[in-house]
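**Q** Following this message is one structure expressed as structure tokens.
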Amino acid sequence: MSLEPFQKSAALSLGVELELQLVNTHDYDLAPYAEDMLRLMTRMELPGAVVPEMTSGMIEVSTGVCQSASEVLGQLTQIRDALVKCADKLNIAVIGGGTHPFQQWHERRIYDKPRFRELSELYGYLSKQFTIFGQHVHIGCPDADTALLTLHRMSRYIPHFIALSASSPYVQGQDTAFDSARLNSVFAFPLSGRAPFALTWDEFTVYFNKMTHTGVVKSMKDFYWDIRPKPEFGTIEIRVFDTPLTIERATALAGYVQALGSWFMEEQPFMPAEDDYLVYTYNRFQACRFGLDAVYVDPATGGHMPLREHILLTMAQIHRHASRLGASTSIGLLRDSVERNNNDARWLRERQNEERLLAEVIRQAGERFRGGPDHAQPY
């Protein structure tokens, strides 16, 4: 197959996808209700889309094309409210978070869809272990070459995205000591990791043609990179975020991406280099393991600094862009989170330390997602 042309899109437009957990309300384990939720959701007129995911205890929602963080929040609010209404009818709950804290992967059912069956046959048990939940953010790029430049510039900030969204400290009932354990499951896939260093669409097309010639891949969907181009949408798609516990935080992350994208496209603050990737895997691990307490290695200078300091420095650098785009509220929410040293992983751990029962933590996370009383607690 040949690589499809890179479509036109409005520069800095946004799209957000959220993979969400469906849990029963008696023991708060994952529940195979995706088909029932899809049936109820199709009766509602909503922006974006609602689709199944790999296993039947999860569902994916997405916005339409948005121009601002406030538009993202408006669309996610409509979708969230509809999800809550449908879930209540089924006596289940919808929650965020990058992993379900105690579900057993071997109990999961692959959703009955040809692509999911094909992936299950190829990847075996990894497919059921892929019952993990992420947020994807698409950002519009005016042309293909700008998309690749933006992708590689954005790669320096992957640790920011991981630490700010981290919400998967628990796996199979155990505290993993990671803030984002979800990404460890992604890294098991052979076509995960970073995109190849190509700064023009012609170079990228050569790479893609070589890969399809090997028979290893058939389309862009076969790449599970941290950031990948989406030529059919005219975007790049950032895929390292854990699904946050609230749509407000999901929106804030999209606003941060948009402000960074504006900085990159307007000011071109640095030129990406292959050597940026010498510290890429180390920085990514640090953010997964330690969250906001991670160490960040500057790929340009080799200097080490606390990740939270690098995030705050970056937020100051993009302040003008955030203000112009109407993303200042998003940046403010995230800045407050960094200054308090809080993310969703910490919130989950604090609830578990208080409750000593992960099912109760999930119940409270459900309240948080729907905008209940627990939602009011600061990050």
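The values are calculated or read from the model by the stated rules, or taken from the named source; none is laboratory data. Since the model is a prediction, treat every value here as computed from it, not as a measurement. We place every Cβ from the backbone using ideal geometry, glycine too, and count neighbours over all the protein chains shown. Side chains included, ligands, DNA and RNA excluded: accessible areas come from the protein's heavy atoms. Shrake-Rupley method; radii C 1.70, N 1.55, O 1.52, S 1.80 Å.
**Q** Taking Y282 as the residue in question, decide whether it is more than 30 Å from N91 (Cα to Cα), touching a strand residue (DSSP E or B) at 6+ places or on another chain (Cβ under 8 Å) and at pLDDT 95 or above.
**A** Against the criterion (more than 30 Å from N91 (Cα to Cα), touching a strand residue (DSSP E or B) at 6+ places or on another chain (Cβ under 8 Å) and at pLDDT 95 or above), Y282 qualifies.
**Q** Of the residues that make up the stretch 241-249, is at least one part of a helix (DSSP H, G or I), under 17 Å from the mean Cα position of the chain (by Cα) and among the hydroxyl-bearing types (S, T, Y)? Full working, then the answer.
**A** Taking the stretch 241-249 and keeping what is part of a helix (DSSP H, G or I), we get 247-249.
Those still in the list that are under 17 Å from the mean Cα position of the chain (by Cα) too: 247-249.
Those left that are additionally among the hydroxyl-bearing types (S, T, Y): none.
Among the residues of the stretch 241-249, not one is part of a helix (DSSP H, G or I), under 17 Å from the mean Cα position of the chain (by Cα) and among the hydroxyl-bearing types (S, T, Y), which makes the answer no.
**Q** Please go through the stretch 2-23 and pick out each residue that is at pLDDT below 95 and either open to solvent by less than 30 Å² (accessible area, probe 1.4 Å) or at positive phi (or both).
**A** L3, the sole residue that qualifies.
**Q** Collect the residues in the stretch 145-184 that are aromatic (F, W, Y), in contact with a strand residue (DSSP E or B) (Cβ under 8 Å, 6 or more places away or on another chain) and in a loop (DSSP other than H, G, I, E, B), keeping them in residue-number order. Reasoning before the result, please.
**A** From the stretch 145-184, those aromatic (F, W, Y) are 157, 161, 170, 178; that's our starting set.
Now restrict to residues that are in contact with a strand residue (DSSP E or B) (Cβ under 8 Å, 6 or more places away or on another chain): 161, 178.
F178, the sole residue that qualifies.
**Q** I need every pair where a residue in the stretch 240-260 that is on the phi > 0 side of the Ramachandran plot has its Cβ under 9 Å from the Cβ of a residue that is in a helix (DSSP H, G or I), sequence separation at least 6 or different chains.
**A** none
**Q** Next up: Read through the list (1) under 26 Å from Q67 (Cβ atoms); (2) open to solvent by 40 Å² or more (accessible area, probe 1.4 Å); (3) without any contact (Cβ under 8 Å) to a residue 24 or more places away in the chain; (4) not β-branched (V, I, T), then give the number of the only condition that G332 fails.
**A** Exception for G332: condition (2).
Each row is one residue, and each column tells you yes or no for (1) among the aromatic types (F, W, Y); (2) open to solvent by 10 Å² or more (accessible area, probe 1.4 Å); (3) under 30 Å from D175 (Cβ atoms); (4) in contact with an Asp or Glu (Cβ under 9 Å, 6 or more places away or on another chain).
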| position | (1), (2), (3), (4) |
| --- | --- |
| A254 | no, no, yes, no |
| Q258 | no, no, no, no |
| A287 | no, no, yes, yes |
| F290 | yes, yes, yes, yes |
| T301 | no, yes, no, no |
| M305 | no, yes, yes, yes |
| R308 | no, yes, yes, yes |
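**Q** Need the failing condition index for I59 against (1) touching an Asp or Glu at 6+ places or on another chain (Cβ under 7 Å); (2) open to solvent by 20 Å² or more (accessible area, probe 1.4 Å), just the number.
**A** For I59, the exception is condition (2).
**Q** One residue is enough: does the stretch 365-377 have a residue meeting the conditions modelled with pLDDT of 95 or more and at positive phi?
**A** No, there is no match, as no residue in the stretch 365-377 is modelled with pLDDT of 95 or more and at positive phi.
One line per residue, one yes/no per condition, for (1) of a type in the set (G, A, S); (2) closer than 24 Å to L358 by Cα; (3) part of a helix (DSSP H, G or I):
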| residue | (1), (2), (3) |
| --- | --- |
| H26 | no, yes, no |
| P32 | no, yes, no |
| E45 | no, no, no |
| I59 | no, yes, no |
| R80 | no, yes, yes |
| A87 | yes, yes, yes |
| G98 | yes, yes, no |
| Q103 | no, yes, no |
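**Q** Next question, about the same structure. Name the single residue that is farthest from Q67 (Cα to Cα) among those in the stretch 335-358 being under 19 Å from the mean Cα position of the chain (by Cα) and open to solvent by 70 Å² or more (accessible area, probe 1.4 Å). Steps first, answer last, please.
**A** From the stretch 335-358, those under 19 Å from the mean Cα position of the chain (by Cα) are 335, 337-338, 342-348; that's our starting set.
Imposing the further condition that a residue be open to solvent by 70 Å² or more (accessible area, probe 1.4 Å) reduces the set to 335, 346.
On the way: R335: 22, R346: 31 Å.
Once the filter is applied, the top-ranked residue is R346.
**Q** For L312, are the conditions met, namely being in contact (Cβ under 8 Å) with a residue 24 or more places away in the chain, within 23 Å of the chain's Cα centre (by Cα) and open to solvent by 10 Å² or more (accessible area, probe 1.4 Å)? Steps first, please.
**A** Details: in contact (Cβ under 8 Å) with a residue 24 or more places away in the chain: yes; within 23 Å of the chain's Cα centre (by Cα): yes; open to solvent by 10 Å² or more (accessible area, probe 1.4 Å): yes.
Considered against the rule, which asks whether it is in contact (Cβ under 8 Å) with a residue 24 or more places away in the chain, within 23 Å of the chain's Cα centre (by Cα) and open to solvent by 10 Å² or more (accessible area, probe 1.4 Å), L312 comes out as yes.
Residue-by-condition table, conditions (1) modelled with pLDDT of 95 or more; (2) out of contact with any Pro (no Cβ under 9 Å at 6 or more places or on another chain); (3) within 26 Å of P142 (Cβ to Cβ); (4) not acidic (D, E):
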{"residue": "F178", "(1), (2), (3), (4)": "yes, no, no, yes"}
{"residue": "A188", "(1), (2), (3), (4)": "no, yes, no, yes"}
{"residue": "S192", "(1), (2), (3), (4)": "no, yes, no, yes"}
{"residue": "A198", "(1), (2), (3), (4)": "yes, yes, yes, yes"}
{"residue": "V217", "(1), (2), (3), (4)": "no, yes, no, yes"}
{"residue": "K230", "(1), (2), (3), (4)": "yes, yes, yes, yes"}
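**Q** Okay, next question. Give the number of residues within the stretch 190-209 that are of a type in the set (A, V, I, L, M, F, W, C), surrounded by fewer than 17 Cβ atoms within 10 Å (Cβ to Cβ) and part of a loop (DSSP other than H, G, I, E, B).
**A** As a first pass, look at the stretch 190-209 and keep what is of a type in the set (A, V, I, L, M, F, W, C): 191, 195, 197-199, 201, 204, 206, 208.
Still in the list and also surrounded by fewer than 17 Cβ atoms within 10 Å (Cβ to Cβ): 191, 199, 206.
Then keep just the ones that are part of a loop (DSSP other than H, G, I, E, B); that gives 191, 199.
Matching residues across the stretch 190-209 total 2.
**Q** Here is a follow-up. Against the conditions (1) in a loop (DSSP other than H, G, I, E, B); (2) small (G, A, S); (3) under 21 Å from the mean Cα position of the chain (by Cα), where does G302 fall short? Just the number, please.
**A** (3)
**Q** Take the stretch 210-242 and flag every residue that is of a type outside the set (D, E), open to solvent by less than 30 Å² (accessible area, probe 1.4 Å) and either in contact with a Gly (Cβ under 6 Å, 6 or more places away or on another chain) or closer than 17 Å to S62 by Cα (or both).
**A** Correct list: K230, G234, T235, I236, I238, V240, F241.
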